[in-house]
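The values are calculated or read from the model by the stated rules, or taken from the named source; none is laboratory data. The structure displayed is predicted, hence computed values, not measured ones. Here the Cβ is made from the backbone with ideal geometry for all residues, glycine too, and neighbour counts use every protein chain on show. Ligands, DNA and RNA are excluded from the accessible area calculation, which covers all protein heavy atoms including side chains. Shrake-Rupley method; radii C 1.70, N 1.55, O 1.52, S 1.80 Å.
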Amino acid sequence: MQTQLRRLIGKTVRIIVPVLLFLLLAAVGVLTLGPAALEKYITYRMQDAGLENPKISVVSLGLGGLDLRDVSADNPDFQIDFVHFSYTVKSLMQGRVTEVLISGLRYHVDMDRRVPAAAAPSSSPDTHRFSDVMSKDQISALVFFDQIHIRNSVLKICSSDTCHTVLFDAALAAQSPNNLHFSVNPMIYGIPVHIRGRMDLRALETSGEIRVFADQDPASQHVPVDWQKQDKTADPDFEPGIAGNWSVHLGEKQQGRFQISAAARSLDLSGLGMEAGLDRAFFSVRAVFDDKWTLHDTQAELCLNGLFYKDFQIDSLECVLTEKGGKLALAADMGRPFAASLRINGTRSRFSEILETGKWQADLNWHLTGQITSAELTAMLPVDVRVSPAAGLDAAGRLAAGFSSARINKKKSGQNSWFVDLQTEKFAFTSLNIHVPKSLLTVRGLDLPGPVFVKGGPNGWKTRIYAKVNQVRMASPEIDIRDTTLDLPVIVNDEIAEPGSFAISLIQYDDIALPAVTGTALVRVQTRDRLLRPVLQPQLTFSVENGDIDWPGAGLKASGINGRVEIRDLFPLTTPGNQRIDIKRLQAGELGLEDGFVIFRIEPESLFLEKTRWHLPDGGVLTAHSSRLDFDPLAADFDVFFQDVDLIGLVARLTKEKIVGSGRVHGRVPVQWRPERIRIGRGFLYSVPGTGRFGIKDEKWLNALMLYVRDALAGHEYLSLLSKRLEKALGDFEYHFLSINLEPGNQDAAARIELRGKGVEGESPQEVGSLVINVNAIEEILNRVLGFYRTKDRSIAEALDALFEDSREIPQGSGE
């Protein structure tokens, strides 16, 4: 680092000294060469000093002054609109000018451009001292002016693809050939900064002060605040703002020392659009270093009081870093939005080790305490939240952290490496009861048992949350969740962790008893390139083993539930495809289904049913696929496919054998589901090849069915006989053709049933070429079968009674 300093100072001497010495040459040129010759001579001297492509224009010259304009060069890259030099004959005889005025300086600094290496020294760099760069007489020779003023100037600093512009004015006054006073007033991002100081060129010392957000005080030479005072705000000379001072000394014995301090009081950043500020602050660094820039006896101290940002306030913060022993101590107390206290102490790498190796590491002990009340919690959140008792935390442990610079250690990856590892040795959290009145939510027995760890590195962060909750209850809708345990890993960006687990022993939703649930859980948060808008990427799975659901209000029961569902996102709730739930038995009203499964995926506004299949106790399978359940409003459309379903056996069981028999069908029935009832679309059912058999055993139903047939055939002896034979055939009928066509209506759906076959009993059973039965209100029957709200209190038998009262039979053709 000493070599780099030597190169930089050598470059500065080679460039600045000739540029400043041309003041004397300009004066001589006034009397001898004239403006044109002077321009050539100055340009030559600028090139000789190392400036690339220098340009200059002499406007006027005389015995009292010299005016230049359009002064520029490419390396270093600067342009000056106007330069005026004032001098007298006496000052010229002394080799000095009285004043230099520079207006419109635009200086461009490229941080990526390297300073050319100077010629190799004749001796080892380790034997050089700071003063060996140039002699003190050479340094003093630079001061051949009384004053320099720089006005309306711009400093542009660029690195890679980023540039920063600073507007500034500056002044430099020579009190003697060895003592300079300077002042610089930059405007940094719209913030006024005032810098003032002095340099002793012979003693190689510099000191000064800086003020930010404060009025410039020409009479001030130091930071007028004594931090050792008990009441630092009582100092009447210390105005609001930030102020600091520094002192640097390069000694004669291959060492130097520096001291930097800053203080602030009553700082308010609201003018910059930030709800932030502080009451008092103090910062101090002092150190001694040798010619290798190794630091000795270094100590840094930071003290803050009343630091606030929006609703957060740190009442006090004190941090002390000591180079000897590599010690660190920090004490912080937070006052808003809740009370908390943090203490940290331990060891860390010394500054000299960081400069030499590019590595930093710390091994610290920490202790955190805090408490938050209901009022404080409500002030933080948009809703009223009440906790009892007040939430308290008392935790302590160890913190290890480290950093390694890729540039110094020449890592192949080209990236800096770092790590943070926080572990708890003590973790005490008050068991809480939480109540949210607005949402009627109550949480009882929330406990965080610990331990807690946080690990971080270039790939991201990870931690793990352990929690137990006795009960979570919501009044509307009525939800009751009991005995929940949670082990939840949370990872940030590309960190890796094993999924955790959770378990819920009981879930009650209104009058629905849901099964116990277990599962795995992991939450990933992506913050790369979106720090202010992080993306939540949960990895959650819900598992159920041999669970049961009981919904008395809907007549719904399910048992033997097994499955695993993976959650891809929570906001909105989504899952990947091919999520499967198996159910051993499902009872929906009077309809029983067995050995079924549902394959689905959850989308932002709907559930997409990929496939579902159910077995009927009487034989056959019901299936549906490629259907959608919308969430708002809650509704679904399904096409239910019948495969080899014993429809006659199903009706026999539902009617308690008032109709008996067996007959299988295939077909498709569109179903529109709403929470209050089911609607039927245009569909069909056809008997499978072969024969089926059924019989109407209930005399009332048979009489209702034959009523219109008897009336139509009455008075004809042969036809009356036909009516009796048909009635006997319907008591035990074998068919070889059965079709059911469903037609939707405005209020309900109707079914057109056609039978072809013959009776079974008697010597000459009646043959039926075609028997058509038109049935109205078929939806009403189906809703009663499934136990929907509108008809759950009315029996299926009543619906079938109404069906037969409304039926119409049209015999078409007959046997003998």
Beyond 19 Å, what share of the Cα-Cα pairs of region 300-405 remains, rounded to the nearest whole percent?
57 percent
Please list PHE145, PHE351, PHE419 from largest to smallest accessible area, probe radius 1.4 Å, with all protein chains kept in place.
PHE419, PHE351, PHE145
Where labels lie 7 Å past Cα in the beta-carbon direction, separation of ARG677 and LEU63 in nm:
11.8 nm
Over region 310-349, with every protein chain in place, what whole percent of the accessible area is carbon and sulfur at 1.4 Å, could you tell me?
60 percent
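Rounded to the nearest 0.05, what FRET efficiency do ARG202 and ALA276 give with R0 = 35 Å and r taken as the Cβ-Cβ distance? Could you check? Could you put the intermediate results ahead of the total?
On the way: r = 44 Å, r/R0 = 1.27.
Once rounded, the FRET efficiency stands at 0.20.
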Which FRET efficiency value, to the nearest 0.05, is calculated for CYS158 and HIS615 with the Förster distance at 60 angstrom and r the Cβ-Cβ distance?
0.20
Accessible area per residue in Å² at 1.4 Å probe, computed on region 350-499:
57 Å²
Inter-label distance, nm, simple model (7 Å from Cα along the C-beta direction), ALA173/ASN703:
12.7 nm
Calculated log₁₀ intensity ratio I(q)/I(0) where the Debye formula runs over C-alpha points of region 587-745, q = 0.15, 0.16, 0.21 Å⁻¹:
-0.93, -1.01, -1.39
With Rh as the Kirkwood radius over Cα pairs, region 568-619 has Rg/Rh of 1.11
If you stretched the chain out fully between THR691 and ARG286, how much longer would it get, using 0.36 nm times the residue separation minus the C-alpha to C-alpha distance?
135.3 nm
For the table LYS438/LYS557; LYS584/LYS656; LYS700/LYS758; LYS557/LYS697; LYS557/LYS611, the rows whose alpha-carbon distance is greater than 29 Å are LYS438/LYS557; LYS557/LYS697
With a point put 7 Å past each Cα toward its Cβ, work out how far ARG257 is from THR623 in nm, to one decimal.
9.1 nm
If R0 = 60 Å, then GLU318 and LEU101, at their Cβ-Cβ distance, give a FRET efficiency to the nearest 0.05 of 0.80
